[in-house]
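The values are calculated or read from the model by the stated rules, or taken from the named source; none is laboratory data. All values derive from a computational prediction rather than experimental measurement. Positions of Cβ are generated from backbone atoms using ideal geometry, with glycine treated the same way; all protein chains shown enter the neighbour counts.
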Amino acid sequence: MAKTLDLERILHRQGFGTRKMCRILIVNDEVTVNGEPCDDPDAKFVLDDTLQFTVQGTAWQYREHSYLMMHKPAHYECTHKTQFHPTLYTLLPSPLVERGVQCIGRLDEDTTGLILLSDDGQFIHKVSSPKHHVPKVYEVTCKHPLSAADIDHLLAGVKLIDEEETIAALAATLLTETVLHLTLAEGKYHQVKRMVAAMGNRVTALKRIKIGQLSLPDTLAAGEWRWLTAEDLIAVQS
Ligand code: URA
């Protein structure tokens with residue numbers, strides 16, 4: 001049987017504040033549902049993805065869980081508590097932050113590119129857990145030219161400080177003398193920078209361009225985000 005819920009709880013679960021705040025929005029005529037004004041906080045609606053509502057003029061679709069991608073700009077941190085730079089979460093509408101959307105894995109403050117966010121714990125675990133080996137591709141710009149021997153070294157395995165085992169890239173392709181595409185199965189702390197440093201070189205720019213089979217779209221500018229489509233969700237996990 002279709003699950004129904006009252007409007008006050010729907011808005012609360014979708015991130016529009018406490019139940020009391022949601023009730024006030026509704027009775028103050030700030031909410032429409034499926035194109036019709038609704039000032040009854042107890043009115044019940046079927047919970048499915050066809051449920052459309054507006055809150056203070058902004059259109060929203062009901063989503064049991066949120067799945068999104070962002071093009072992370074440089075100089076943003078993937079943390080909730082800002083330390084030295086603004087957090088990525090300031091680039092999202094507040095209902096998404098309120099409902100617990102979080103970054104899946106972290107990129108360094110100076111790293112740019114594709115980052116996924118969700119409030120679905122199972123999905124977060126699946127994409128971030130080392131057990132699932134979701135490959136990630138980085139475009140890495142190095143200070144010094146790279147040789148064919150460096151590429152072989154990355155593929156054969158590099159010994160990192162404080163790691164027992166050597167870590168090998170799944171793929172490494174030179175684009176220019178100093179730029180390579182590096183595919184990794186793990187997401188260890190500063191992994192790309194440490195692998196490049198272990199070869200006596202230094203990363204000067206780092207951009208993540210792909211997670212699983214999902215590429216950062218050219219149309220998504222730095223600082224922008226969009227919902228993941230059903231195809232995107234499959235691509236991430238393949
Ligand atoms: N590896 C790094 O060194 N930094 C990142 O942000 C991601 C991977």
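Tabulated data
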| read-out | value |
| --- | --- |
| Which numbered condition THR87 misses (of (1) within 18 Å of VAL236 (Cβ to Cβ); (2) over 11 Å from the mean Cα position of the chain (by Cα)) | (1) |
| Only one of VAL179, VAL203 that is in contact (Cβ under 8 Å) with a residue 12 or more places away in the chain and within 8 Å of the ligand (Cβ to nearest atom) | VAL203 |
| Residue in region 10-30 that is surrounded by the fewest Cβ atoms within 10 Å (Cβ to Cβ), counting only those that are over 29 Å from the mean Cα position of the chain (by Cα) and not in a loop (DSSP other than H, G, I, E, B) | LYS20 |
| Subset tally (residues that are at pLDDT 95 or above, within 13 Å of the ligand (Cβ to nearest atom) and surrounded by fewer than 20 Cβ atoms within 10 Å (Cβ to Cβ)) for region 95-112 | 3 |
| Residues of region 206-226 that turn out to be in contact with a Lys or Arg (Cβ under 7 Å, 6 or more places away or on another chain) and away from the ligand (no atom under 16 Å from the Cβ), as a count | 1 |
| Evaluation of GLU64 against (1) acidic (Asp, Glu); (2) out of contact with any helix residue (DSSP H, G or I) (no Cβ under 6 Å at 6 or more places or on another chain); (3) part of a helix (DSSP H, G or I) (one fails), failing number | (3) |
| Hey, VAL192 under 24 Å from the mean Cα position of the chain (by Cα) and in a helix (DSSP H, G or I) or not | yes |
| Pairs with Cβ under 6 Å, 6+ apart, first in region 95-112 and at positive phi, second within 16 Å of the ligand (Cβ to nearest atom) | GLY105/SER128; GLY105/GLY187 |
| Hits in region 80-103 (condition: closer than 21 Å to LEU228 by Cβ and among the aromatic types (Phe, Trp, Tyr)) | TYR89 |
| Pairs with Cβ under 9 Å, 6+ apart, first in region 207-220 and buried (at least 19 other Cβ atoms within 10 Å of the Cβ), second assigned to a loop (DSSP other than H, G, I, E, B) and of a type in the set (A, V, I, L, M, F, W, C) | LYS207/LEU216; ARG208/LEU107; ARG208/LEU216; LYS210/LEU216; ILE211/ILE104; ILE211/VAL134; GLY212/VAL134; LEU214/LEU228 |
| Failed condition for SER118, given (1) crowded, with 20+ Cβ neighbours inside 10 Å; (2) within 21 Å of GLN213 (Cα to Cα); (3) within 16 Å of the ligand (Cβ to nearest atom); (4) modelled with pLDDT of 95 or more | (3) |
| Among residues of region 90-109, those that are more than 12 Å from the chain's Cα centre (by Cα) and either outside any helix (DSSP H, G or I) or assigned by TED's automatic domain parsing to the domain that holds ARG194 (or both), counted | 5 |
| Some residue of region 186-195 being more than 11 Å from the ligand (Cβ to nearest atom) and out of contact with any His (no Cβ under 6 Å at 6 or more places or on another chain) | no |
| Residue within region 146-167 that is in contact (Cβ under 8 Å) with a residue 40 or more places away in the chain, in a loop (DSSP other than H, G, I, E, B) and more than 11 Å from the ligand (Cβ to nearest atom) present | yes |
